[in-house]
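Novice: First the structure, which I've put down as C-alpha cells, then a few questions once you've had a look.
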Amino acid sequence: MKKTFKPNFLWGGAIAANQCEGAWNVDGRGASVADAMTAGTKDIPRRITLELDPDAYYPNHEAIDFYHRYKEDIALFAEMGFKSLRLSISWSRIYPNGDELVPNEKGLQFYEDLFKELRKYNIEPIVTLWHNETPLALAKNYKGWASREVVNFFESYSRTVFERYKGLVKYWITFNEINSLIRPLGNWNHGAIIHEGTEYFIDQVDEPNMRYQALHNQLVASAKAVKIAHEVSKDYKVGCMICYITTYPATCNPKDILLAQKEDKIRNLFCSDVQVFGEYPYYIKNYFEENNISFEIFDGDEQILKEGTVDYYTFSYYMSVCIGTDNSREKVDGNIMGGLKNPYLAASEWDWQIDPEGLRWTLINVYDRYHIPILISENGLGAFDKVEKDGSIHDNYRIDYIAKHIKEMKNAVAEGVDLFGYTPWGCIDLVSVSTGEMDKRYGFIYVDKDNDGNGTLERSRKDSFYWYKKVIETNGEEL
Ligand code: BGP
C-alpha cells in the first residue's frame, strides 16, 4: 500500500508576532528586543540600539500590520485551505515590561479574538509562547535570560495564557529555535543579553558562561511551561522547536565524519535531547568541560527538566552545511550558523544552501532518536519577487523549492516517520530576522511594502498561492 500523509495532516503556514503584527506600542504593548533592531540588508548589518535612534528605521514597529489586518489575512489562509497556522504570542503585549503582576487585558483579548477567528475557519492554531521577543525591559533591568528571575516571569506569562486560551488552543510550542543560544548571535534576540561594545546583530560581544546560563534558564522555563500546560489542560500538547541545520561530513575522511557527528549533536541535538529525554546528555558535559563553560544549575532544576518533557518535536529546516577539518575549503553562511560549501547544492540569493533530500535525512535522523510525532514548523525560500504590470507574481522558484521538500517529506513518511504537520515559514511576506528586510520574501501572499517602509500594505496572491492551495486540496498528491 502506498504510504502518504495522514488524512488530518496539518497543512498550514508559520508566522511570528514580532515579524508581522506591528502595532508595537498600541493597546498597552511594551517594546520587545525585536523592536530595538534597525533595518538592514544582506550587506548592511542590523544594529541593536537600547534607546531609539531617531534617524534609524525599525522595521518590526509596523511590520505588515497583521495586528489590524489579521481578519483579511486569515481569510486568505482559509482560501488556501490551511488546516493550521503556527503563530506566536508577543509576551510584551501580555506583560509589557515582563515583570508586572497583572496582565494587560487588551493584549489577552487580541489573541482571544485571533484564535476565535482561526477557529471560525477550522484552522488549528499552533502557538509559540516565545518567538525571539523578550520584553525589552527585561533586557535592560535584569540581564535578560541570564537572570533567573526571568524564568519566574516567564512562568507567570505561560500560566496566564494557558489558562486564558483553554478550549481555543491545543498545540503549543515553548521556545522558537532554542538552540540559537549555542552561538554568540543568539545573545540579543534569543537571550535578551547585550554587552558593552555590541553594536551589530551579526557581531556581538560574547560571554559564553552567561550565554549558557541563559540557555539553561530557557530549558528550565520550557520544562516548567510543559508541566503547567499539562496541569491546566489534559488536551494540551506541547512541543520543542529546534533550528536544524543538517551537518554533512565534507569528505569521507574519518576525521570529517567524526567532526560532523559531533557538530550535529552540539548544534542540532543537544537542546532537544534535554527537552525530549529530560536531562543533559553525556556528550554536552564533555563539551562544557573542553570549552571551560560553567553555569549555575539551581536546586530542583534537574527534577523540573525530567518532569517537563515535550509531547512532540518540531524544527525549522532551510538548509544543510558541510563540516570538515580542511579549513581552506569555501565557507557558506547560514541561518544561525554556517559551515563549508557543498559542491552538489545550489544556494538561495542569501547563500542558504538548498537541500530537499537533507530534509528527508533529518526527519529520519530525528525520528530514529526520539520516536515522537514530528511537525516541520518552518521551511521555505527567502527570495526577491517581481510584481508584473498586471499585478501577478510568478514565483516558480518558490514552488520548486517547496514541492521538492514536500516530496522528501513524503519519502520520509513512506519510511514510517510520524509526521503530522507542515507549516512553511512566512506564508505571508514579513520582516526578515537576519537582515530586517521586507524584500527577503517567503510568502504565498505578497505584501506591498519595501525595505524602507514604503508601500500600501496591500495583500495579493502569488502563483504559489494557487499552487499550495492545490497541494492542500490533494493532501500533497499534486505537487
Ligand atoms: C528562523 C526564525 C524565523 C524566520 C526564519 C527565516 O530562524 O525562526 O523567525 O525569520 O528563520 O530567517 P530570515 O528571516 O532571517 O530569513
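The values are calculated or read from the model by the stated rules, or taken from the named source; none is laboratory data. Remember, predicted model here, so these are calculated numbers, not experimental data. Note that we place each Cβ from the backbone using ideal geometry, even for glycine, and neighbour counts take in every protein chain shown. Ligands, DNA and RNA are excluded from the accessible area calculation, which covers all protein heavy atoms including side chains. Shrake-Rupley method; radii C 1.70, N 1.55, O 1.52, S 1.80 Å.
Novice: Residue under question is residue 51, and the condition is that it be open to solvent by 40 Å² or more (accessible area, probe 1.4 Å), farther than 21 Å from residue 457 by Cβ, in a loop (DSSP other than H, G, I, E, B) and modelled with pLDDT of 95 or more; does it hold? Spell out how you get there, then give the answer.
Specialist: Working: open to solvent by 40 Å² or more (accessible area, probe 1.4 Å): yes; farther than 21 Å from residue 457 by Cβ: yes; in a loop (DSSP other than H, G, I, E, B): yes; modelled with pLDDT of 95 or more: yes.
Yes; evaluated as a whole, the condition is true for this residue.
Each row is one residue, and each column tells you yes or no for (1) in a loop (DSSP other than H, G, I, E, B); (2) open to solvent by less than 30 Å² (accessible area, probe 1.4 Å); (3) over 22 Å from residue 108 (Cβ atoms); (4) at pLDDT 95 or above.
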{"site": "2", "(1), (2), (3), (4)": "yes, no, yes, no"}
{"site": "13", "(1), (2), (3), (4)": "no, yes, yes, yes"}
{"site": "27", "(1), (2), (3), (4)": "yes, no, no, yes"}
{"site": "60", "(1), (2), (3), (4)": "yes, yes, no, yes"}
{"site": "64", "(1), (2), (3), (4)": "yes, yes, yes, yes"}
{"site": "70", "(1), (2), (3), (4)": "no, yes, no, yes"}
{"site": "77", "(1), (2), (3), (4)": "no, yes, yes, yes"}
{"site": "86", "(1), (2), (3), (4)": "no, yes, no, yes"}
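Novice: Next up: Can you pull out the residues in region 164-194 that are basic (Lys, Arg) and farther than 20 Å from residue 144 by Cβ? If you could, list the steps in order and put the result at the bottom.
Specialist: Step one: list which residues in region 164-194 are basic (Lys, Arg), which gives 164, 166, 170, 183.
Listed by number, the residues that qualify are 164, 166, 170.
Novice: If you check 418, 395, which single one turns out to be away from the ligand (no atom under 15 Å from the Cβ), open to solvent by 10 Å² or more (accessible area, probe 1.4 Å) and in contact with a strand residue (DSSP E or B) (Cβ under 8 Å, 6 or more places away or on another chain)?
Specialist: On the way: 395 fails: open to solvent by 10 Å² or more (accessible area, probe 1.4 Å).
None of the others qualify; the one that does is 418.
Novice: Looking for something more than 23 Å from residue 84 (Cα to Cα) and out of contact with any helix residue (DSSP H, G or I) (no Cβ under 8 Å at 6 or more places or on another chain) - is there at least one such residue anywhere in region 401-424? Reasoning before the result, please.
Specialist: Residues of region 401-424 more than 23 Å from residue 84 (Cα to Cα): 415.
When the remaining residues are screened for being out of contact with any helix residue (DSSP H, G or I) (no Cβ under 8 Å at 6 or more places or on another chain), the result is none.
Within region 401-424, none of the residues are more than 23 Å from residue 84 (Cα to Cα) and out of contact with any helix residue (DSSP H, G or I) (no Cβ under 8 Å at 6 or more places or on another chain).
Novice: Across region 1-20, what is the number of residues that are more than 13 Å from the ligand (Cβ to nearest atom) and of a type outside the set (Lys, Arg)?
Specialist: Taking region 1-20 as the starting set, the residues that turn out to be more than 13 Å from the ligand (Cβ to nearest atom) are 1-12.
From what is left, the residues that are of a type outside the set (Lys, Arg) are 1, 4-5, 7-12.
Residues in region 1-20 being more than 13 Å from the ligand (Cβ to nearest atom) and of a type outside the set (Lys, Arg): 9 in total.
Novice: What tally of residues in region 88-109 results from selecting those that are in contact with a strand residue (DSSP E or B) (Cβ under 6 Å, 6 or more places away or on another chain), open to solvent by less than 10 Å² (accessible area, probe 1.4 Å) and assigned to a loop (DSSP other than H, G, I, E, B)?
Specialist: 1
Novice: For residues that are of a type outside the set (Gly, Ala, Ser) and closer than 30 Å to residue 41 by Cβ, tally how many sit in region 407-435. If you could, list the steps in order and put the result at the bottom.
Specialist: Taking region 407-435 as the starting set, the residues that turn out to be of a type outside the set (Gly, Ala, Ser) are 407-411, 413, 415, 417-420, 422-425, 427-431, 433, 435.
Subset that is closer than 30 Å to residue 41 by Cβ: 422-425, 427-431, 433, 435.
Qualifying residue count, region 407-435: 11.
Novice: Checking the condition open to solvent by less than 10 Å² (accessible area, probe 1.4 Å) and either farther than 16 Å from residue 182 by Cα or touching a residue at least 12 places away in the same chain (Cβ under 8 Å) (or both), which residue from 240, 252 passes? Can you show your working first?
Specialist: Values: 252 fails: open to solvent by less than 10 Å² (accessible area, probe 1.4 Å).
So the residue among 240, 252 that is open to solvent by less than 10 Å² (accessible area, probe 1.4 Å) and either farther than 16 Å from residue 182 by Cα or touching a residue at least 12 places away in the same chain (Cβ under 8 Å) (or both) is 240.
Novice: Still on this structure: Which residue is farthest from the chain's Cα centre (by Cα), if the candidates are limited to region 429-453 and must be away from the ligand (no atom under 13 Å from the Cβ) and crowded, with 22+ Cβ neighbours inside 10 Å?
Specialist: 449
Novice: Could you list, in sequence order, the residues of region 368-384 that are touching a helix residue (DSSP H, G or I) at 6+ places or on another chain (Cβ under 8 Å) and either more than 16 Å from the ligand (Cβ to nearest atom) or closer than 18 Å to residue 440 by Cβ (or both)?
Specialist: 369, 370, 372, 374, 379, 380, 381, 383
Novice: So, residue 7, is that one buried (at least 17 other Cβ atoms within 10 Å of the Cβ), part of a loop (DSSP other than H, G, I, E, B) and of a type outside the set (A, V, I, L, M) or not? Steps first, answer last, please.
Specialist: Values: buried (at least 17 other Cβ atoms within 10 Å of the Cβ): no; part of a loop (DSSP other than H, G, I, E, B): yes; of a type outside the set (A, V, I, L, M): yes.
No: the conditions fail for residue 7.
Novice: Scan region 454-464 residue by residue and report those that are open to solvent by less than 10 Å² (accessible area, probe 1.4 Å) and within 30 Å of residue 35 (Cα to Cα). First the steps, then the outcome.
Specialist: The first filter runs over region 454-464 and keeps only residues open to solvent by less than 10 Å² (accessible area, probe 1.4 Å), leaving 462, 464.
Selection gives 462 alone.
Novice: Given the residues 163, 177, 199, which is the only one that is out of contact with any helix residue (DSSP H, G or I) (no Cβ under 7 Å at 6 or more places or on another chain) and either within 16 Å of the ligand (Cβ to nearest atom) or closer than 19 Å to residue 111 by Cα (or both)?
Specialist: 177
Novice: On to the next question. Among strands (runs of 3 or more DSSP E) lying entirely in region 157-250, which contain 2 or more residues that are in contact with a Pro (Cβ under 6 Å, 6 or more places away or on another chain) and of a type in the set (A, V, I, L, M)?
Specialist: Working: elements: 171-175, 237-243, 246-249.
Once the strands (runs of 3 or more DSSP E) in region 157-250 are filtered for at least 2 residues that are in contact with a Pro (Cβ under 6 Å, 6 or more places away or on another chain) and of a type in the set (A, V, I, L, M), nothing remains.
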